[in-house]
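I have placed the structure first, in the form of C-alpha cells, so that the comments after it can refer back to it.
Every number in this text was worked out from the coordinates using simple rules, so none of it is lab data. Remember, it's a predicted structure, so these values are computed and weren't measured experimentally. FYI the Cβ positions are ideal-geometry reconstructions off the backbone, even for glycines, and counts take in every protein chain you see.
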Amino acid sequence: MRIYLLIVLGSVFPDSFSKGQELKVDVDFRGDDVLQIYSPDAHHCQLACTQHHSCLFFTFIRADWSKDNRKFYCYLKHTATGFPSQVADLKGVTSGFKLKHQDYKTHACLSSTYQDVDFTGSDYLQLTLNTSDDCQKQCTRDPDCKFFSFTTETFPDAETRKKCFLKFGWNVPIPSVLIKTPGLVSGFSDSLYNSKEECKEEIFANTHYRGNDFENVPAASPQHCQFLCSRHPHCTHFTYTTSKYSTEPDINMHCFLKHTQNINQLVSVTEEELFSGFPTRNCKPSNVWATTRYEGLDFLGHDYRDFKTDTSEICREMCTKDPDCQFYTYVLPSYHDEGIRKKCFLKFRWTVPIPSVLKKTPGLVSGFSASLQKTNGFKEKCKEEIFANIHYRGNDFENVPAASPEHCQFLCSTHPHCTHFTYTTFSYSSDPNINMHCFLKHTQNVNQLVPFTEGELFSGFPTRNCKPSNVWATTRYEGLHFLGHDYRDFKTDTSEICQEMCTKDPDCHFYTYALPTYHDESIRKRCFLKFRWNVPIPSVLKKTSGLVSGFSDSLYKTKEECKEEIFANIHYRGNDFENVPAASPQHCQFLCSRHPHCTHFTYTTSKYSTKPEINMHCFLKHTQNINQLVSVTEEELFSGFPTRNCKPSNVWATTRYEGLHFLGYDYRDFKTDTSEICREMCTKDPDCQFYSYVLPSYRDEGIRKKCFLKFRWTVPIPSVLKKTPGLVSGFPDSLQKTNGFKEKCKEEIFANIHYRGNDFENVPAASPEHCQFLCSRHPHCTHFTYTTSKYSTKPDINMHCFLKHTQNVNQLVPVTEEELFSGFPTRNCKPSNVWATTRYEGLDFLGYDYRDFKTDTSEICREMCTKDPDCQFYTYALPTYHDESNRKRCFLKFRWNVPIPSVLIKTPGLVSGFPDSLYKTKEEECKEEIFANTHYRGNDFENVPAASPQHCQFLCSRHPHCTHFTYTTFSYSSDPKINMHCFLKYTQDVSQLVPAREEELFSGFPTRHCKPSNVWATTPYQGLHFLGYDYRDFKTDTSEICKEMCTKDPDCHFYTYVLPTYHDESIRHGCYLKQVMTLPRPEKVVYRLGVLSGFSLRNCKTGGD
C-alpha cells in the first residue's frame, strides 16, 4: 500500500519534491506529524513549515472543512526520507512542502486579510479606527505588532464595533524546555545581542611571542595591527614591528599575525621596538588607529584621484565622504617638491575577495560565498556585453586573478579608476602567471579605444549605477582550485553544503571542495573555507617628511563621546548664514552638527528679545578660522560648536517640552490618556517626526487629551527653481535607490488635467514625476497637481507641486486645463526614479550652496554630489554660461533632512517633543537592578521559559505589555513545569506595587530606551540543556567553537554542547545547533462573524532584489 501511494505521488507530482512552492489542494499527507499549530491559510502554514527546524512537508485544514471542528489546523510533518508516508485525496485540506531556504524571505509577506476570522488572544493595545485598512496600517507602523483583529460594522456587539486589536507574538527565540543536565553546556548565539562592551585593549610594549606566524601585512601602528588581527578569523595573537625595529625596512611597520591552539601556553620574550597583544572580538574596540593623523608617513601607491586643497583636514573629509576612498596622503606646504605641495591623494585598495592564485586541478570544485551575490539596490539591469577574442591594448594599471570574464567585469566595476578591462583565459599564454587574470585599464576617453582581434581574450567595460548579473558569484568552478587563504576545514558530503557553510560564515569569502574523485584520498569530501582581507591595508608604509597620511573616518563607525560644552550668556557675533527654530541649546548644537557649512552657533532663549520671531532660534554660523572668534557676554544666549565624528548626547530629543507648541504640520490626531502614549505612537509611526499633546489643564476643553502627530519634509526639495540658460541641475544618484518592493508602480500621470481644490501644501518640484514622488512621501497626500514653467504669468506658482487631500478619491472630478499634470501617490510598490536621474538643463536649483569647485563636466559634478552624503542636489555652470568667472563651476547644495518645527510658541497646557526614533543610539547604560527573593504577586499575563533573571528581564523588555516580572529559579517549586520560568506581568501603575519576600524568586522591571546588559546572552549555561529544536549537529573540540559556529549561522538561535564528562560517550563533543520559529502566528484562529484579521505588512517591504 505504501509503495503504491509513493508511486502515485511520483506520477501525479513528478517534480513536487524539487518545486517546494506548489500547493496540493484536496490532498492529504497522512501521519508523520511533529507539531500542530494554528494558521489562517496554507501559505502561512507553509512558511511555518519552512522555519521549523524539522518540518519537511505539511497539511493544512481549510475553512471549508466540514468533518469536525479542526478548521485552521496546520500539521507540520517529517520523515527520514523526506517523502510523505501516505498520500490520499481529501476534501477541505491543502498540503505541500517547505520552501527552499533562499525563498523564505521572498514569500514572508503576509498581506492577506481574513474576513469573519478572529486571531484570539495576544492583545496588547486597543484602538478605535474607521476601517480594517487603518488597523492594518497601524499594526504595520508599530514594530511590536505582529498581527491584528478588527471588529467590522457587522460585529454582533454594537459597542465594540470598529475596534482594532493589536497583537504581539514573540520574535525572539525562547527555548521551550530547560533541563538541568550535568555534562552539557548551553547558550545563545552572540548575533542575538549586538550591543558590545568596551574592549580590554592592552598591548604589551617590548614584548615578542615568537613563532606561529601565518601572514604579515603593513600596519601603521600597534593598534592598527590589533584591529587587523581581530578581523582575521585565524588570528589568535600578533606582534608589531616599529619603524626602528630592523635594518631591513621590508619588515618594519608590519603586523605579524599568529595562530596557536592554546594561547595559555605562550611564552613572552623581551625585545625592543616590538608590540604584542591579542585580538578584540565581540566587544567595541577603540578607533585610535583610524583617527590618528600619521604625519611624516606616506601610504605609498593606490592613488585613484588627486586635487589641491588647503589643509589635511579637508583632504581627510573628502576621503571620508567618498565611499571609494579608504586612506589618503596629503602633501604639507613644507614638502621638498614644490610642484605637489597642498595636494591630496585619495587611495583605493581591494576589499572584494580575490583569490591570489587560480590553479586548474581535476577533482576540486571552487566558488564564492552566496552572500557576495547581493545587488546594490538599482532596478535597471546592466548591459553587460563582453566581447570575445577582443583586446583593447595598453592602458593597464593593475592586474589580479579572476575566475571568469564576468568576475573580471565585476572587479573593474568595483575599482573607481577602471574604465575598461581585458581578461585572459586559462589557454591564453604559455606563461601561467598571466592566465586567468583580469587586466584593469584606464583611459580619459573610451570612445577612442581601438579593438584588436586576439584569441583567448575577453574585453569589456564596467557596470556601475545598475543591477549587475551575479553569474560569476553563483558559478560552481569545477576543476579549479582557489589556492591558499584557508582558515577552517571540515568533512561534508557535498559541495552544495560546503558553499552553504561558506555563505553562512561572514568570514568566508570563497571555498574549495575536494570531490570524491580527487587524487588525494585523505582530503576527499573536505571543505576548505577561505578568507581574504576585506579591510583596506596600504601595501607600503614609508617614512617621508612633509607628508600626512590617514584613514577614512567611514572605516570605523564607533564614535567617542562628544565634548558638548555649550557656553551660557555667550555670543559669537556675526557670520550667520541661516537661522531655524530650535527647542533648546542642545537641539541647536545638533542642527549645527548636521549642516556641513556650520562651524559654530548661537541660540536665543524665549526671553531674549521683544521680537518673538527671533526667540528660540538657532543661528548657524560659518568662519574660515574658529581660533579667531571673539566671545561677547550677552544674557539669554547660548553659543557653542558642532559635534561631528563623535557620539553626541540625545538630551534634546528625549526632553519633554511642557508649555511649548510645535506649531503646524499635523497629519493625524487622536485622543489618548497621557503624553507618554502620544510620544510612543509618534515613535512607532515612521512618518511622525514630532508631536504636541494637549494636557487636561488646557484652556480649550474640546481638544484636551488630544495627540497631534506631525510630519515635515526630510527629502531634498529646492526652494526656488529658476529657468537659466547655461546651467544644469540635478539630484545625486544616491536618491535613486529603491525601497525594496518588487512590484512596479502604476505611475500614470494625466497631462492637462486638474483636480481642483483640496490643497494643503505646495512645494517646488522639477517635474511631474518629482511631484508624484513628493506626494508619495507625505502621509497626508491623496493626489496632486503639478504646474509647468509656462502655466501662469506668476512665476511663484510655476514648477510647483500642489499636494491635496480628500476622504474619497473616487469622487474627484477631473477638469481639463493646459500646462497642468495630475495624479496619485505611489506607495507599497517600486516607483520609477526618472525624476532623480533626469539632468535638468537650463534650470537653476537656487540657493543652499555649501561647497563649490571647478570641474570639467556636469557628470563629474553629479558624481561628487552622489559621493558626498551632505549633498542633496547640485547646479553646474556650462561653458556657455553668461558669467565667465563661474563657467565649469559645480555647486553642491544642502537642505535640511532632519525634522525642524517651523514655529515654536510658549503655550501653557501643551507638551511637545520628538520621537525616540529620531535618536536610535541607546548609549545610556540601563539601571538593571533585579531584586532577589522578591515577588510582585498577581498581574501575570504570560509565562515563558528563561535561563536566568537577566534573560527574563530581557524578555519583559521586548514585550510591549510587560511592566514588571518575576523569575522562578530551578529550586523554587516541586513542580518542575514552573521552575526556570519568566512570569510577565502588567499593571496600570507600577508605583502601587507591593513587594513580598519569597525565596528563590527574582523580580524587576523592563529596560527600554537604554543600552541593556547582554549578560544573559553571553553566559554559557553549564549543566543546562536547551531541549529540542536541533537542525544540525557535528563534533568539535570545545564549547567555544560550538558557540562561534552558532553565532555565524544566521539560522542558529541557541546551542547545546556535550562536554567530555557526559555519561553517553557516543555524543561527547557533539555541538547541537538549534532554531525556533519566529514567524508571527496567532494562539488560535476561529470563525467569528464581523471580525477581520490579518498581519503586519512590515515584511512586505523587504522583498526586492
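Once label points are set 7 Å from the Cα along Cα→Cβ at both residue 626 and residue 1033, what is their separation, rounded to one decimal in nm?
Inter-label distance under the simple model: 6.1 nm.
For the range 389-482, just say rounded, prolate or oblate: build the C-alpha gyration tensor, square-root its eigenvalues into a ≥ b ≥ c, call rounded for a/c under 1.5, and beyond that prolate if a/b exceeds b/c, oblate if not. Display every interim value, and only then the final one.
On the way: a/c = 1.87, a/b = 1.17, b/c = 1.60.
Here the range 389-482 falls in the oblate category.
Residue 567 to residue 1078: FRET efficiency via 1/(1 + (r/R0)^6), r the Cβ-Cβ distance, R0 41 Å, to the nearest 0.05?
In this case the efficiency is close to 0.25.
Would you mind calculating the gained length between residue 651 and residue 666 on full extension (0.36 nm times residue separation, minus the Cα-Cα distance), in nm to one decimal?
Working: separation 15, 0.36 × 15 = 5.40 nm, distance 2.40 nm.
Using 0.36 nm per residue and subtracting the Cα-Cα distance, I get 3.0 nm.
Which entries in the list 24/91; 258/491; 67/98; 67/91; 137/1084; 504/1048 go over 18 Å, if you measure between the two C-alpha atoms of each?
Those over the limit are 258/491; 67/98; 137/1084.
Compute the length gained on full extension between residue 324 and residue 885: take 0.36 nm times their separation in residues and subtract their Cα-Cα distance, giving the result in nm to one decimal.
198.9 nm
So, counting K/R as plus one and D/E as minus one, what does the shell of residues with Cβ under 11 Å around residue 569 add up to? Could the numbers behind the result be given before it?
Details: positive: none; negative: 634, 635, 636.
Residues close to residue 569 contribute a combined charge of -3.
Answer rounded, prolate or oblate for the range 567-654, using the Cα gyration tensor with square roots of eigenvalues a ≥ b ≥ c: rounded when a/c is under 1.5, else prolate when a/b is larger than b/c, else oblate.
Numbers: a/c = 1.60, a/b = 1.11, b/c = 1.44.
The shape class here is oblate.
Which FRET efficiency, nearest 0.05, do residue 813 and residue 1089 yield, Cβ-Cβ r, R0 51 Å?
Computed FRET efficiency for residue 813 and residue 1089: 0.85.
Local charge sum around residue 449 (other residues, Cβ-Cβ under 11 Å, Lys/Arg +1, Asp/Glu -1)?
On the way: positive: 393, 441; negative: none.
Surrounding charge for residue 449 is +2.
According to the Kirkwood expression over distinct Cα-Cα pairs, how big is the hydrodynamic radius of the range 931-1013, in Å? Walk me through the numbers on the way to the answer.
Values: mean 1/r = 0.0793 Å⁻¹.
12.6 Å is the Kirkwood radius here.
Work through the residues other than residue 206 whose Cβ is under 10 Å from its Cβ and net out their charges, Lys, Arg +1 and Asp, Glu -1.
Net charge around residue 206: -3.
Quick one: check the C-alpha center-to-center distance for the range 658-673 versus the range 773-850, whole angstrom.
Their Cα centres are 27 Å away from one another.
At R0 = 56 Å, how high is the FRET efficiency between residue 991 and residue 456 if r is their beta carbon distance? Nearest 0.05 is fine. Kindly include the intermediate steps, with their values, before the conclusion.
Values: r = 81 Å, r/R0 = 1.44.
Efficiency for this residue pair is about 0.10.
For the pair residue 761 and residue 81, how long in nm is the line joining their label points, each one 7 Å along Cα→Cβ?
6.4 nm
Using only Cα atoms, locate the centre of the range 511-525 and the centre of the range 960-979, then give the distance between them in Å, rounded to an integer.
Between the Cα centres of the range 511-525 and the range 960-979 lies a distance of 52 Å.
Work out, step by step, the length gained on full extension between residue 69 and residue 878: first 0.36 nm times the residue separation, then minus their alpha carbon distance; give nm to one decimal.
283.7 nm
Between residue 443 and residue 492, what is the spin-label point distance in nm, taking each point 7 Å from the Cα along the Cα→C-beta axis?
Distance between label points: 4.4 nm.
Too long at a 28 Å Cα-Cα cut-off: which of 684/1074; 167/671; 342/888?
Numbers: 684/1074 32 Å; 167/671 21 Å; 342/888 22 Å.
With Cα atoms farther than 28 Å apart: 684/1074.
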